[in-house]
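Structure, as structure tokens:
The values are calculated or read from the model by the stated rules, or taken from the named source; none is laboratory data. Just so you know, these numbers come straight off a predicted model, no measurement behind them. So basically every Cβ, Gly included, is an ideal-geometry build from the backbone, and we count neighbours across all protein chains shown.
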Amino acid sequence: MDAQQDASLFKAPGQPAIENPEASRRVERLPGVHLQLKVGNQLFLRLLCVDQRYEGKVVGLEPFSYTIVQVRLPQDTLSRLSLNPGVVAQLNAGGTLFGFRCDVVNRVSNPAPLLFLSHPDSVERVVLRRSERVDVTLPGTIHGAFGDHQVVLLDLAPSGCSFAARSNLKSPLRDAQRGERVVLRCDLGCGQPLMAPLTLRRIDEQKGRITMGGQFVDMTEDNSRLLHDYLQRMHGLLGD
């Protein structure tokens, strides 16, 4: 996601939650029931009382009623929430950007700093992916500051991919951070090895499994052509 897309979400009251970043990308306004939050989702919150951006994690929810977000806020920000409880929230879910407006309806400080957000009446959605991904099941490895790890690729596109690996409390993969660069290695079949640098854009951990999504960067011409040919072949086989 580029800076223009990221900044466009947080506008003054009365303006859309998401402005169309490109003419080719259509923003849809949908009823709030289309917002499918899950425990573990990362939310970016713009608190209108201070016009500041914070990152929080969904730790609980009552569907279509309220969402509980764990987020640490400065004391002066907390004191202003009662004057203006408005929030503009952003969720990047697997290549789709959701933007919505809601209110802080309650907050607690113990046992953790939690905000209770109202469920939005409507939500705006825009697909960020520039190309359709192909679902795959391919073994591979990733290398980063946390070492080498076996993974399974879940999907591939010219712009990026997602993959998953097992995790536990001692897994070095748990130290991976969004924005970090890693190197992916996999075999696309028939002895065609792909090695491509990735910048991590999404990290989710649930029930002993870490799922990561990344954007390809600095790919060689040969690897770009190899990936393009593979995707074309898969689209042909799948009838896409």
Residues R178, R166: which one is closer than 23 Å to V217 by Cβ, surrounded by 12 or more Cβ atoms within 10 Å (Cβ to Cβ) and either in the same structural domain as K38 (by TED's automatic domain parsing) or of a type outside the set (D, E) (or both)?
R178
So R72, is it of a type outside the set (G, A, S), surrounded by 13 or more Cβ atoms within 10 Å (Cβ to Cβ) and either in contact with a His (Cβ under 8 Å, 6 or more places away or on another chain) or at pLDDT 90 or above (or both):
no
With the requirement that a residue be of a type outside the set (S, T, Y), in contact with a strand residue (DSSP E or B) (Cβ under 6 Å, 6 or more places away or on another chain) and more than 23 Å from R201 (Cβ to Cβ), what does the stretch 48-85 give you?
L48, G60, L61, I68, L81, P85
Residues of the stretch 144-160 classified as closer than 11 Å to T211 by Cα and under 16 Å from the mean Cα position of the chain (by Cα), total:
1
Would you tally the residues in the stretch 39-51 being of a type outside the set (F, W, Y) and within 17 Å of G99 (Cβ to Cβ)?
8
Which residue out of V108, V151 is of a type in the set (A, V, I, L, M), in contact with a strand residue (DSSP E or B) (Cβ under 9 Å, 6 or more places away or on another chain) and either buried (at least 19 other Cβ atoms within 10 Å of the Cβ) or touching a residue at least 24 places away in the same chain (Cβ under 8 Å) (or both)?
V151
